[in-house]
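Novice: Before I ask anything, here is the structure I am working with.
No value in this document is a laboratory result; all are computed from the given coordinates. Here the structure is a predicted model, which is why all the values come from computation and not from measurement. For neighbour counting, all protein chains shown are included, and Cβ atoms are generated from backbone atoms with ideal geometry for every residue, glycine included.
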Amino acid sequence: MFYESVFVVVLFLVYLLLWGLKRQRQKKATGVDPEVFGKSSDPLQQYMAKFSKFMTAYIVLLIVLHGAGIQYYSLFTRFPLLDNFQVDLFGFIIGLTGLLLCALAQQTMGNAWRVGIDEEKTTDLITTGIFKYVRNPTYAGLMLLTAGVWLIWPTWTMAVFVILFYFFLEIQVRCEERFLLRIHGDKYRDYCSKTGRYFIRR
């Protein structure tokens, strides 16, 4: 349906705008490009950077194919129980909530914000604001965003994207945690003991 495409395109454009503007503003203010994904000497990080590009191409292709209403066997067929306006609207709201969480994380991190692991310029450990409750609010927001898109387009191909994306985030989070533990030591270890990785710890 047309409104489904509108919902997903709006979410995707807001995502691109959020990351693009933040990157440009920070680069202009500090002279440092926060986009460091793939610049790491770690082979795993280099692989993750390439996989990130693949995932970007994959979601763009899915948006085009779903938006065009193409059907190929059952790959683009919606699950009947989730194929209604109420679920689509809920998915859109979930997606916007995820983007809001990402925006809060970007604002709280300030010039410490990075995309990837910056091995050349270490930054302070941010534990205030939203980070007081969750260690990875950006990734939690991205999980909500992709879950919202799947609710709008509940198909097998979109489900595969969500699974791959979550797997990608899990690996990247652990790489970043290992790096932060090496840089900040006991301070980061103590922080981890008090906060959840993606959710508020009771």
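Novice: Starting at 0 and stepping by 10 Å, how many percent of the alpha carbon pairs of the range 1-100 end up in each bin?
Specialist: In whole percents, the pair-distance histogram is 13, 32, 32, 18, 5, 0.
Novice: Order of Ile152, Ile117, Ile200 from fewest to most other C-beta atoms within 10 Å?
Specialist: So the residues, fewest neighbours to most, are Ile200, Ile117, Ile152.
Novice: Could you tell me which chymotrypsin sites (Phe, Trp or Tyr not before Pro) in the range 32-76 are loop residues by DSSP with no more than 15 other beta carbons within 10 angstrom of their beta carbon?
Specialist: Here the sparse-neighbourhood loop sites are Tyr72, Tyr73.
Novice: I'm spelling it out carefully: the read-out is Rg and Dmax of the Cα atoms in Å, the candidates are (i) 16.0, 46; (ii) 26.0, 76; (iii) 17.9, 54, and one was derived from this structure. Which label?
Specialist: Derived directly from the coordinates: (iii).
Novice: Straight distance only, please: which aspartates and glutamates reach the Cα of Lys194 with their own Cα at less than 20 Å, same-chain residues fewer than 8 apart left out?
Specialist: Correct list for Lys194: Asp124, Glu170, Glu176, Glu177, Asp186.
Novice: Still on this structure, please answer the following. Which longest run of the chain has no exposed loop site in it, a site being GluC sites (Glu not before Pro) in a DSSP loop with at most 14 other beta carbons within 10 Å, and the site itself not part of the run?
Specialist: The reported range is 1-118.
Novice: Kindly put Met48, Met158 in sequence by how many other C-beta atoms sit within 10 Å of each C-beta, fewest to most.
Specialist: Result, fewest neighbours first: Met48, Met158.
Novice: Moving on to the next point. Using a Debye calculation, one point per C-alpha and no hydration shell, please list log10 I(q)/I(0) for the range 43-139 at q = 0.12, 0.16, 0.21, 0.22 Å⁻¹ in order.
Specialist: -0.64, -0.96, -1.17, -1.20
Novice: Given contacts defined as C-alpha pairs under 8 Å and at least six residues apart, what's the relative contact order of the chain, whole-number percent? Please list the in-between numbers first.
Specialist: Numbers: 211 pairs, mean separation 54.9, N = 202.
After rounding, I find 27 percent.
Novice: Quick check: Cα centre of the range 168-193 to Cα centre of the range 123-155, how many Å?
Specialist: That distance is 16 Å.
Novice: Now, a different point. Among all the aspartates and glutamates, which ones have a C-alpha under 13 Å from Lys121's C-alpha, if same-chain residues fewer than 8 places away are not counted?
Specialist: Asp33, Glu35
Novice: A follow-up question, please. Order these by the 10 Å Cβ neighbour count, fewest first: Cys102, Cys175. Working shown, then result.
Specialist: On the way: Cys102 23, Cys175 17.
Arranged by neighbour count, lowest to highest, Cys102, Cys175 become Cys175, Cys102.
Novice: Where in the chain are the DSSP H helices whose alpha-carbon span along the long axis reaches 30 Å or more and whose Kyte-Doolittle mean is at least -1.0? Walk me through the numbers before you get to the answer.
Specialist: Numbers: long enough: 2-30 (42 Å, 0.60); 43-67 (36 Å, 0.86); 85-109 (36 Å, 1.43); 156-184 (41 Å, 0.96).
The qualifying helices are 2-30, 43-67, 85-109, 156-184.
Novice: Would you calculate, for the chain, the mean residue ellipticity at 222 nm contributed by helices, counting each DSSP H stretch of 4 or more residues as -39,500 (n - 2.57) and dividing by all residues, to the nearest 500?
Specialist: After summing the helix terms and dividing by the residues of the chain, the value is -23000 deg cm²/dmol.
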